[in-house]
Amino acid sequence: MNSAPQSLPVDEPLTPPFRGAQVWEPPMEEVNPFIERMSLLVGRWGYKKGNLSEGEYRQILEGEAQGHYERLQKENLKRRLFVPQAAVAWLTCRPDGDTLIVSPPGGGEPVVLVFPRQRIGEQLSIPDFFRREGDILGCFTVTVGSPEASAEMTRLQEAGEYQEYFFWNGFAAEYADAVAEWTHRRMLDPLGGKRGARFGPGYPSCPDMTLSRRICEWTEAGRIGVTVTDSDMLAPEMSTCALLAHRPRARVFNRLD
């Protein structure tokens, strides 16, 4: 096991805003500004420039694509089809090299989480972002899924409304990311505002997909209707979970070699 870098700063001890798990209902009007518009239009919906001139492309983005974006936002607010929900928790933890030793909110044996370390550059590992003497760890599970939303998506497919299904599917996925951003900021507001970084299971710096089960357990995600499948995926589909490293130096890193 590699050791953490020796140049880590001395961190002040912090008290979490609360201990254990809570369920939040993010207001849709507050979440909507966090939708990454270009990520939705280009990444999810596929409005790419291709061989178009800059003027032609801009016209499509601001016309057709923007029209669908505004339509779905308004319709979702009216119908409350995809509704944000968040299950959040603060726990105590202690880093040890490449591991993070987490104390479950309800007591019991500490859980040891192992993370990879970069082999180049700063040789970072997620435990480096926590206070060596002991710290707090945030985690959350968010969803915009519901039985009603799933039923509507099924109806669109069965009715052959594939384009509308495509638009709603992309919108819901980006909306879930917006709920994650809103939750990230809301959790850190009592600690001085948004800083740090969040790490979702399955990314290079946090590759263990089974961590989804831990996060859902700690956040009591069942209270917002989220479960984990046998393949460690979240259900409903439009859900995500993450660990939250709150220290200002925490940042996302992807390259390990």
### Set Glu220, Glu237: member being modelled with pLDDT of 95 or more and among the acidic types (Asp, Glu)
Glu220
### Query
Restricted to the stretch 93-104, and to residues that are assigned to a loop (DSSP other than H, G, I, E, B) and surrounded by fewer than 18 Cβ atoms within 10 Å (Cβ to Cβ), which residue is modelled with the highest pLDDT?
Gly97
### Query
For the stretch 30-70, what are the residues that are in contact (Cβ under 8 Å) with a residue 40 or more places away in the chain and outside any helix (DSSP H, G or I)?
Ile35, Glu36, Trp45
### Task
Go through the stretch 187-211 residue by residue and tally those that are hydroxyl-bearing (Ser, Thr, Tyr) and not in a loop (DSSP other than H, G, I, E, B).
1
### Message
Looking at the stretch 155-177, can you tell me whether even one residue there is among the hydrophobic types (A, V, I, L, M, F, W, C) and touching a Gly at 6+ places or on another chain (Cβ under 7 Å)?
### Response
no
### Summary
Flagged in the stretch 8-56 as surrounded by 12 or more Cβ atoms within 10 Å (Cβ to Cβ) and small (Gly, Ala, Ser), in numbering order, are Gly20, Ala21, Ser39, Gly43
### Task
Check the stretch 147-166 and report whether any residue there is among the small types (Gly, Ala, Ser) and under 18 Å from the mean Cα position of the chain (by Cα).
no
### Message
With on the phi > 0 side of the Ramachandran plot, in contact (Cβ under 8 Å) with a residue 40 or more places away in the chain and of a type in the set (S, T, N, Q) as the only criterion, which of Gln22, Gln73, Gln123 stands out?
### Response
Gln123
### Task
Please enumerate the residues belonging to the stretch 111-144 that are closer than 29 Å to Gln85 by Cβ, in a loop (DSSP other than H, G, I, E, B) and in contact with a strand residue (DSSP E or B) (Cβ under 7 Å, 6 or more places away or on another chain).
Phe115, Phe130
### Message
Suppose the filter is in a helix (DSSP H, G or I), small (Gly, Ala, Ser) and surrounded by fewer than 20 Cβ atoms within 10 Å (Cβ to Cβ); does Ala172 pass it?
### Response
no
### Task
Go through the stretch 210-232 residue by residue and tally those that are without any contact (Cβ under 8 Å) to a residue 24 or more places away in the chain, surrounded by fewer than 22 Cβ atoms within 10 Å (Cβ to Cβ) and not charged (D, E, K, R).
5
### Message
Can you confirm whether Val83 is within 24 Å of the chain's Cα centre (by Cα), in a strand (DSSP E or B), on the phi < 0 side of the Ramachandran plot and at pLDDT 95 or above?
### Response
no
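The values are calculated or read from the model by the stated rules, or taken from the named source; none is laboratory data. Predicted model only: the values in this text are computed from it and were never measured. Note: ideal-geometry Cβ built from the backbone for every residue, glycine included; neighbour counts use all protein chains shown.
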